[in-house]
1. Across the stretch 22-32, which residue is surrounded by the most Cβ atoms within 10 Å (Cβ to Cβ) among those that are over 23 Å from the mean Cα position of the chain (by Cα) and closer than 14 Å to Gly69 by Cα?
2. Residues being at pLDDT 70 or above and part of a strand (DSSP E or B): count how many of those fall in the stretch 69-98.
3. Looking only at the stretch 45-65, count every residue that is under 13 Å from Arg24 (Cα atoms) and among the acidic types (Asp, Glu) and tell me the total.
4. Need pairs with beta-carbon distance below 7 Å; first residue surrounded by 10 or more Cβ atoms within 10 Å (Cβ to Cβ) and at pLDDT below 80 and within the stretch 1-15, second of a type outside the set (Asp, Glu) and assigned to a helix (DSSP H, G or I); sequence gap 6+ or separate chains.
5. Checking the condition modelled with pLDDT of 90 or more, in a loop (DSSP other than H, G, I, E, B), out of contact with any Gly (no Cβ under 6 Å at 6 or more places or on another chain) and outside the structural domain of Glu146 (by TED's automatic domain parsing), which residue from Leu29, Leu37 passes?
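The values are calculated or read from the model by the stated rules, or taken from the named source; none is laboratory data. Since we're looking at a predicted model, the values are computed, not measured. For neighbour counting, all protein chains shown are included, and Cβ atoms are generated from backbone atoms with ideal geometry for every residue, glycine included.
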Amino acid sequence: MSSTTRAWPPELAERLPDYVTALRRWADLSQRELAALAGIPATTVARLESGSTTDPRLSTMAKLAAATGHRLVIANDHDELLPPEPELRGRCRDLRGRRLPAHLDVAPAMEDWLRPWWRPKRGEFTFIRSRRRRDEVRAERRDIIERYVAGRDQTDRD
């Protein structure tokens, strides 16, 4: 990555030293102890806390968080966590063992008895090429997730 390209948004990059310090203090560790637990150089921790390094690798921040019993998450502006996709893309392959395209949504393939004879077998999974159908499937999934979250919230309140 070039030095002019920033991976972290500016408002987050300014606060990274505070986060690293908070992680270390929460775990009641010195910079050297935190570095040893995370498996990174102690100078990296010192540079992060001092603010001289404002663009650390994501893996470095994940190691620091994991070493203190925390984890990195992705959330929107309303602090709602982004759930990961239910499919395991690495396991979704065609009959020849090739991975399915990463830019297309994965869907279960048709059962053999539902598949017309002229359509070739594609394996356990296939992908959705039609944008309209893809949007319909995503909307159905969103509805299912929203109902699940609403039911879980109701259970928590009871």
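1. Only one residue tops the list, namely Arg24.
2. Selection size over the stretch 69-98: 2.
3. The total comes to 1.
4. Taking only residues 6 or more apart or on different chains, the pairs are Arg6/Ala13.
5. Leu29
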